[in-house]
Amino acid sequence: MIHIDSHHHVWRVARGDYHWLTPELPIHRDYTLDDLRPLLGEIAATVLVQAAPTEAETAFILTVARGSRGLVRGVVGWTDLTAPNAAARIADLARAPELKGLRPMLQDIAEADWILRPAVQPALIAMAQCGLRFDALIKPRHLPILLSLAERHPDLRIVIDHAAKPAIAHGEFDVWAEDIARVARQTEACCKLSGLVTEALPHWQHDDLRRYVDHLIACFGPARLMWGSDWPVVDLAGGYARWREATEHLLSGLDAPARDAVLGGTACIFYGLAEVL
């Protein structure tokens, strides 16, 4: 089974649309695939995810994917889901074989139920019709809304980025655990085992993450759970290698087929990468 990093970014600061990437952040510099390759180990394929809410970003990461010499097998881009021509624009973007999904940056939108606005629904219908996946960049407060989204759009394939970012550093567990269990039980959504370390305390240990990871495994099972690095954001919380090592430790109770699913198989199936691997 090929191992896949289902969630990473690249960026070029001078492009100017990474409004969240402020100069005081240690990761406020360019990151390219040449920076990523030495970190990958046995990982042979990746999914490159947008980091700015512009179509210029989508064009940029598609260009990166096409020049990646086979490393980037899928791209999750962005387009304005409220635009009057969103459905046509989505159909046009979907012609790019590298584009596997779209991601509105819901965590940054003040209106928690923005994704349920009537103006957004034609775009979501178009995504499903074009076979594009929906990456849900959300916080715990959005999990109940995700139930409504899945009910309205049963044909839209959804993956929850970063397990909805539970507030691990503050020990918040019970409400998140109940809500994400409901999503797992009542929908067919998948979930990314990614982004947890940046929600933990700066000097996190394996045991700080264990009950969150164990709960995700129990709720989604390996067949609906996929590993991602969230690089280079992960550099804010120990880096790629430390997160990989923690993952191996936290998944050690699974048998080999289950680990292979989390580390590659689920992403391959969800994003439709089999035909390009």
Pop a pseudo-label 7 angstrom from the Cα along the beta-carbon direction at both L201 and D30 and give the gap in nm to one decimal.
3.9
³J(HN,Hα) across the range 105-113 via Karplus (A = 6.51, B = -1.76, C = 1.60, θ = phi - 60°), whole Hz, x for Gly/Pro?
8, 4, 4, 9, 9, 4, 6, 4, 9
Protection proxy ranking of 27-37, 54-64, 256-266 - average other beta-carbon atoms within 10 Å, highest first
256-266, 54-64, 27-37
Using the heavy atoms of the protein chains alone and a 1.4 angstrom probe, what is the accessible area of the range 98-185 per residue in square angstrom?
41
Whole-number value, in Å³ per residue, for the convex hull of the alpha carbons of the range 1-155 is 138
Given a cut-off of under 8 Å on Cα pairs at least six residues apart, what relative contact order in percent is computed for the chain?
19
Give the distance, in whole Å, between the Cα centre of the range 80-109 and the Cα centre of the range 241-277.
27
Can you give me the distance in nm between label points at A181 and A56, each placed 7 Å from the Cα along the Cα-to-Cβ direction?
4.6
Rounded percent of accessible protein surface that carbon and sulfur make up, the chain, 1.4 Å probe
54
Could you state the accessible area per residue of the range 1-42 in Å², with a 1.4 Å probe and every protein chain left in place?
54
Let me check against my output: what whole-number percent is the relative contact order of the range 51-139, with C-alpha pairs under 8 Å and at least 6 apart?
30
Can you tell me how much longer the chain between T63 and A256 gets when fully stretched, taken as 0.36 nm per residue apart minus their C-alpha distance, in nm with one decimal?
66.0 nm
Whole angstrom only: what separates the Cα centroid of the range 15-59 from the Cα centroid of the range 209-225?
26
Amide H contacts of H7 (H built 1.01 Å from N, under 5 Å, at least 5 apart or other chain)
V47, S229, D230
If you take the beta carbon distance between E248 and Q107 as r and set R0 to 22 Å, what does 1/(1 + (r/R0)^6) give as a FRET efficiency, to the nearest 0.05?
0.20
Tell me the relative contact order for the range 133-241 as a rounded percent, counting alpha carbon contacts under 8 Å between residues six or more apart.
26
Residue-normalised accessible area of the range 216-259, expressed per residue, 1.4 Å probe, Å²:
36
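The values are calculated or read from the model by the stated rules, or taken from the named source; none is laboratory data. These numbers come from a predicted model, not from an experiment. Quick reminder, even Gly has a Cβ in these numbers, built from the backbone with ideal geometry, and neighbours come from all protein chains shown. For the accessible areas, the whole protein counts, side chains as well, though only heavy atoms, and no ligand, DNA or RNA atoms are used. Shrake-Rupley method; radii C 1.70, N 1.55, O 1.52, S 1.80 Å.
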